C-alpha cells in the first residue's frame, strides 16, 4: 500500500522551484539511539518510502519482546502529475501520478531505538545505498562508546552525566 494523504483539496498543484537548501537544524536525535543524517537534499516518492518501510520491518521484528522502534521522518504530501508517454504537447495538465516529498539536507531521516549497534549500522548502510546520496550515521553517547575510543585496558573512563 502506497502512502498518500487522507484529505487533500486539489490533486494538481504547481510545482515549486527546486531550490532546496541545507536545513541548519540540530543534528540531535529526538527519539532513538541511532539515526541516518542526510547531507544532500533529495526528493522521495511514496513508492520509495513504502519500500523503505517494508525493508525496515526486518529491524522491528518481535517488537513486543525487544522494544525496538523505528521512526521514518518523511511523508509524501505533494502531488506529482504526469502525462502519458507519446502524447503531444498541450491539452492541459496530466493526471495524478504519485505523491512525493522534498527533504532538505541536514535532517535526520530514520531513527532506531533499542537496536544493536551492528544491526543499526547495517540497516543504515543499506538505506544509504538505496538512497544514492551522501549520508552520515549519528549515534547517542550511550551506544558503543568503546568502539569510538581506542583506549588501553588499564585506563579507566569516569563520566558524570
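The values are calculated or read from the model by the stated rules, or taken from the named source; none is laboratory data. These figures come from a predicted structure and were not determined experimentally. Counting neighbours? That spans all protein chains shown, and the Cβs are built from the backbone with ideal geometry, glycine included.
The table that follows gives values for the structure above.
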quantity	calculated
Entirely in region 27-133, the helices (runs of 4 or more DSSP H) that have 3 or more residues that are modelled with pLDDT of 85 or more and surrounded by 15 or more Cβ atoms within 10 Å (Cβ to Cβ)	46-56, 117-131
Qualifying residue in region 105-125 (condition: under 30 Å from residue 8 (Cα atoms) and without any contact (Cβ under 8 Å) to a residue 12 or more places away in the chain)	no
Test: residue in region 140-154 that is part of a strand (DSSP E or B) and either modelled with pLDDT of 90 or more or surrounded by fewer than 11 Cβ atoms within 10 Å (Cβ to Cβ) (or both)	no
